[in-house]
Structure formats: C-alpha cells, structure tokens
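Engineer: Please see the structure below; I have some questions.
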Amino acid sequence: MKRIDCLEAIYEDLADRAVVTIMGAVAAELYSLGHRPNFFYLEHAMGLASSVGLGIALAQPERQVVVIDGDGSVLMNLGGLTTLARYAPANLTHIVFDNESLLSVGGFPTATSTGSDLAGVARAAGIQRARTVDRLETFTAAASEDLGTDGLTCLVAKVEAVGPASFHMDLHLLENRFEFARALRPSEEA
Amino acid sequence: MPVSESNSKIVYEALVGAGVRICSALPETWLVHLIRMADDDPDMILVRLAKEEEAVGISAGAHLAGARSAALMQNHGFLAAVNGIVSGAMLYRVPFLMLISDRGHMGERDHWQTEGGKYTRRVLDALSIQWDELRAPDEVELKVRKATTLSLSSLSPVGLLLSRDLMWEEPVP
C-alpha cells in the first residue's frame, strides 16, 4: 500500500476539515494532490502535529480536524497520545502513516520496524478506537468510517517506504500558516 | 504547603482577564493552585500535559483556530520545550504565552532545582524571548496583560517568570 494512494482515497473527504500534516513526504504528497487553504503542513516541530490538532479541536469543537501523522513523528511524542486520549476530542481523526522508517532523512528504520505497534500504543494510551490496516481497500473503508465517527479515532496505515521524487512545495510555511488561520475563522468573520 | 493561594488567584484572574481560555499545564509545586483554579473554572479548558513541548503545539493550534491560550510550566519544562518553541512557535510566528515558575533562583532550598535555575534567563535571552518577572501581587494583572499583548502583536513566545516572592509564602531561612 502506498501513502499517495491512501491520500488520494480520502482527498475529497478532507475538503471541509482542518487538516494538519507532518513534514516531508506526507506534506509533499498531499500538496501534490492539490493544496487547499484548510491544509496546514507542519514543516518542523517534529512530533507536534497531533498537539496542534488537539489545540484546534479544543478551540473549535464544532470543526472536524484530521491529523495526518507518521511513525517517526508519533514516536517523538508518544506522551501526546495519552494527552489526546485524556481529552478525547470527538472531532479529531488521527491517521498515522507507518512506513517503518524515517524516509525523509534517508530511510533509517524506526522502532515500528522491529515490532512496536502504534495502534496498540494508542489503545493502551486510552484511545479506544485505534486500529491498523495494510491494504488500500481496508484503509479506504476504515478511514471513511473514522471520518464519519463522532469520537476520537486513530488509524495506523502500514505503507511502503516510498515517497515523492521531490519534497518541494511552492508554498512558504508562513503563507500556509496565515492562509490556514484565515480558513479556520468562523464564516461570518471570513 | 506554603504556595500562595491568594497570589495564585491573582495570576489566574489576570490570565482570564487577558482572554486566555485554554491553559496547558504540567504540575509542579508552585503551580498547584493555578492548575486547580483552571480545572475548577467551567469557562477554562485545562489541558494536562505529559510533557511541556506539547503545549507549543496546543497553543499553535488554538491560535490558528482563534483562541487565546497560555502554558503553565516549571523552568525545567521550559527547557524541555525548547525545540518546539524554536521550530514551532518561532518558526511559524505563533504567540506563546509561558508562565514559568522560577525555580532554582535566589532563596531556593531544594538542591535539585539549583542547576536549572542558572539557565532560565540565559536560555530565554539566547532565544530572544522577551520576558518579565512577576514579583508583587499588584503588578501581576498589568504585566500579564502586557505580555499577552506583546505575544499577540509580535506573534512570538513571551515568558513571565513566577517568582518565589510571589508564589511562596514561607520565609526564606
């Protein structure tokens, strides 16, 4: 299963949500499918995408939030899973692409390559609905289900360690940041 | 425990007065009353953290979604959050109001706190984070308001050091 195919499968479902991604391949591939003002690519601060998503979800409980994370990033902020579980925002969907490597920096294997189970960690942290999928069909069905669920979910998608030819995005992170904040303004203020 | 409840209340009310409605916190002795007050306030969202760096992400998300927030942490929590502060709040120009208990400074008796106290101000300065100290109860409200204003106008982290004089009622031996 390739991450780009998974992203393509959920791309339309991301239209009206606040979407926060990590840096690297996830950001570049989502961007390549077509940037939207409601997409925020966290190009640094590794590990904090889920915390950013939590902040948005708590500040705007009526808005649906999707965090698109990676195994390397989640491993840098495992405690964040316990914080997510503790507040369990019903409007947050956490998708973790697990390619068992730090692809953007040379493909060094992460601990998921030797058996660490992020969905298991998420469940043990207290996120009741956390599961792993490894085929596109099951990913598409599970993601669609999670995105339609009123409750915190975590979906770990096992994907191949392949990425885009280029990580270049023609969008400065500050432009993205201000555009995203504007997109999150309540409509009467927009 | 001689943590000043009355001065904690002044600090808490100053945060509320400055429009803060999300407080991230990781407990430490001087912060206990502040955290309890946030927990008891139905209009405040208290986020109990596993590690202080999470607060940077939460505040960034809250700001992008239009909410004011603050983070309550010990100076060691500030030190633990430095990467998030630099590569999150500073890189992305996000206001980040930190209330930092100033452990290991003058009058500290806990020897395990004394090392970190040497570096709190120096690290704040090294990061060019503007900071002030809250010492007297009657200066708290204005300083919190000014810090919030600066953080929002500069889109930057700002630090307020919660001093021993303000937070701790036991006389210095």
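The values are calculated or read from the model by the stated rules, or taken from the named source; none is laboratory data. Computed from a prediction, not measured in an experiment: that's the story for all the values here. Virtual Cβ from ideal backbone geometry, glycine too; neighbours counted across all protein chains shown. When the accessible area is computed, the model is the full protein with side chains, heavy atoms only, and any ligands, DNA or RNA have been set aside. Shrake-Rupley method; radii C 1.70, N 1.55, O 1.52, S 1.80 Å.
Engineer: Once amide H atoms are placed 1.01 Å from N in the peptide plane, what residues at a sequence separation of 5 or more from A:Thr132, or on another chain, have their amide H within under 5 Å of its amide H?
Structural biologist: Result for A:Thr132 returns A:Val156.
Engineer: Between B:Tyr119 and A:Ala183, what FRET efficiency comes out of the Förster formula 1/(1 + (r/R0)^6) with R0 = 30 Å and r the beta carbon distance, rounded to 0.05?
Structural biologist: Once the sixth-power term is evaluated, E becomes 0.15.
Engineer: Further question on the same structure: Scale the Cα Rg of the range A:1-146 by the rule-of-thumb value 2.2 N^0.38 Å and send over the ratio, two decimals.
Structural biologist: 0.96
Engineer: Oh, and also: How high is the relative contact order of the range B:1-112, given as a whole-number percent (alpha carbon pairs under 8 Å, six or more residues apart)?
Structural biologist: Relative contact order for the range B:1-112 comes out at 26 percent.
Engineer: Given H placed 1.01 Å from N in the peptide plane, which residues other than close sequence neighbours of A:Phe97 have an amide H under 5 Å from its amide H?
Structural biologist: A:Asp69, A:Gly70, A:Asp71, A:Ala157
Engineer: A follow-up question, please. Using the alpha carbon gyration tensor of the protein assembly as shown, what are the three equivalent-ellipsoid semi-axes (square root of 5 times each eigenvalue), largest first, in whole Å?
Structural biologist: 37, 20, 19
Engineer: Taking the simple approach of a point 7 Å from Cα along Cα-to-Cβ for both A:Leu174 and A:Asp5, what is their distance in nm?
Structural biologist: 4.1
Engineer: What residue among B:Ser6, B:Met90, B:Val32 has its Cα farthest toward the positive end of the dipole of chain B, where the charges are +1 on Lys, Arg and -1 on Asp, Glu, each on the Cβ?
Structural biologist: It is B:Met90, whose Cα lies furthest towards the positive end.
Engineer: Report Rg/Rh for the range B:93-173, rounded to two decimals, where Rg is the Cα radius of gyration and Rh the Kirkwood radius.
Structural biologist: Radius of gyration relative to Kirkwood radius: 1.01.
Engineer: How large is the Kirkwood hydrodynamic radius of the range A:95-177, in angstrom, based on all distinct alpha carbon pairs?
Structural biologist: 14.5
Engineer: Shifting gears a bit: Dividing the alpha-carbon radius of gyration of chain B by 2.2 N^0.38 Å (N being the number of residues), what value is obtained?
Structural biologist: 0.94
Engineer: Which FRET efficiency, nearest 0.05, do A:Phe108 and A:Glu145 yield, Cβ-Cβ r, R0 35 Å?
Structural biologist: 0.60
Engineer: Also, quick follow-up: Compute the distance in nm between two label points, each set 7 Å from the Cα along the Cα-to-Cβ direction, one at A:Leu33 and one at B:Asp110.
Structural biologist: 4.7
Engineer: In whole Hz and in residue order, list the ³J(HN,Hα) couplings for the range A:141-155 that follow from phi through the Karplus curve 6.51 cos²θ - 1.76 cosθ + 1.60, θ = phi - 60°; x for Gly and Pro.
Structural biologist: 5, 5, 5, 4, 5, 5, 5, x, 8, 8, x, 5, 9, 9, 10
Engineer: From the C-alpha gyration tensor of the range B:35-130, pull out the three semi-axes of the equivalent ellipsoid (sqrt of 5λ each), sorted largest to smallest, in whole Å.
Structural biologist: So the three semi-axes of the range B:35-130 are 24, 18, 10 Å.
Engineer: Suppose every K and R has +1 on its Cβ and every D and E has -1 on its Cβ; what is the size of the dipole of the range B:109-158 about the Cα centre, in Debye to the nearest 20?
Structural biologist: In total the dipole reaches around 100 debye.
Engineer: Per DSSP helix of 4 or more residues, -39500 (n - 2.57); summed, then divided by the residues of chain B. What does that give at 222 nm, rounded to the nearest 500?
Structural biologist: Theoretical 222 nm ellipticity from helices: -12000 deg cm²/dmol.
Engineer: If R₀ is 51 angstrom, what is the calculated FRET efficiency for the pair B:Ala126 and A:Glu137, using the beta carbon separation as r and rounding to 0.05?
Structural biologist: 0.45
Engineer: From other protein chains only, count the Cβ atoms within 10 Å of every residue's Cβ in B:88-98, then give the mean.
Structural biologist: Shielding by partners across B:88-98 averages 4.
Engineer: For A:130-141, what's the mean count of beta carbons from other chains sitting within 10 Å of each residue's beta carbon?
Structural biologist: Taking the mean over all residues of the peptide, I get 0.
Engineer: With a 10 Å radius around each residue's Cβ, average the other Cβ atoms per peptide and rank B:57-69, A:165-177, B:112-124, B:85-97, highest first.
Structural biologist: The most tightly packed comes first, giving B:57-69, B:85-97, B:112-124, A:165-177.
Engineer: Under 1.5 on a/c is rounded, so check that first for the range A:134-187, then, if it is not, pick prolate when a/b is larger than b/c and oblate when it is not; a ≥ b ≥ c are the square roots of the alpha carbon gyration tensor eigenvalues.
Structural biologist: Judged from the Cα gyration tensor, the range A:134-187 comes out oblate (a/c at least 1.5, b/c at or above a/b).
Engineer: On average, how many beta carbons from a partner chain sit within 10 Å of the beta carbon of a residue in A:39-47?
Structural biologist: Mean shielding by partner chains, rounded to a whole number: 5.
Engineer: Counting only residues 5 or more places away or on other chains, whose amide H sits under 5 Å from the amide H of B:Trp168 once H atoms are built in the peptide plane?
Structural biologist: Residues meeting the amide H criterion: B:Ser4.
Engineer: Using the Karplus equation 6.51 cos²θ - 1.76 cosθ + 1.60 (θ = phi - 60°), what ³J(HN,Hα) coupling, rounded to whole Hz, does each residue of the range A:129-139 give in order, writing x for Gly and Pro?
Structural biologist: Couplings: 9, 9, 8, 10, 10, 9, 10, 4, 5, 6, 4 Hz.
Engineer: Also: Let me know the shape class of the range B:1-76, please: from the alpha-carbon gyration tensor, a ≥ b ≥ c as square roots of the eigenvalues, rounded when a/c is under 1.5, otherwise prolate if a/b is greater than b/c, or oblate.
Structural biologist: In terms of gyration-tensor shape, oblate.
Engineer: If you don't mind, another one. Quick one: length gained pulling A:Ala88 to A:Ser116 fully straight, 0.36 nm per residue minus the C-alpha distance?
Structural biologist: 7.8 nm
Engineer: Lys/Arg Cβ at +1, Asp/Glu Cβ at -1, dipole of the range A:51-190 taken about the Cα centre: which of A:Ile127, A:Gly106, A:Ile56 is farthest positive-ward?
Structural biologist: A:Ile127
Engineer: Additional query: What number comes out for accessible area per residue over the protein assembly as shown if the probe is 1.4 Å? Units Å², please.
Structural biologist: Using a 1.4 Å probe on heavy atoms only, each residue of the protein assembly as shown averages 41 Å².
Engineer: Can you order the peptides A:50-60, A:153-163 by their average number of other Cβ atoms within 10 Å per residue, highest first?
Structural biologist: A:50-60, A:153-163
Engineer: State to the nearest 20 debye the size of the charge dipole of the protein assembly as shown about its Cα centre, where the only charges are +1 on K and R beta carbons and -1 on D and E beta carbons.
Structural biologist: The dipole magnitude comes to about 360 debye.
Engineer: Taking the Cα centre of chain B as origin, sum charge times position over the Cβ atoms of Lys and Arg (+1) and Asp and Glu (-1), and report the length of that vector in debye to the nearest 20.
Structural biologist: 540
Engineer: Could you work out the local net charge near A:Glu175, counting Lys and Arg as +1, Asp and Glu as -1, over the other residues with Cβ closer than 13 Å to its Cβ?
Structural biologist: So the environment of A:Glu175 carries a net charge of 0.
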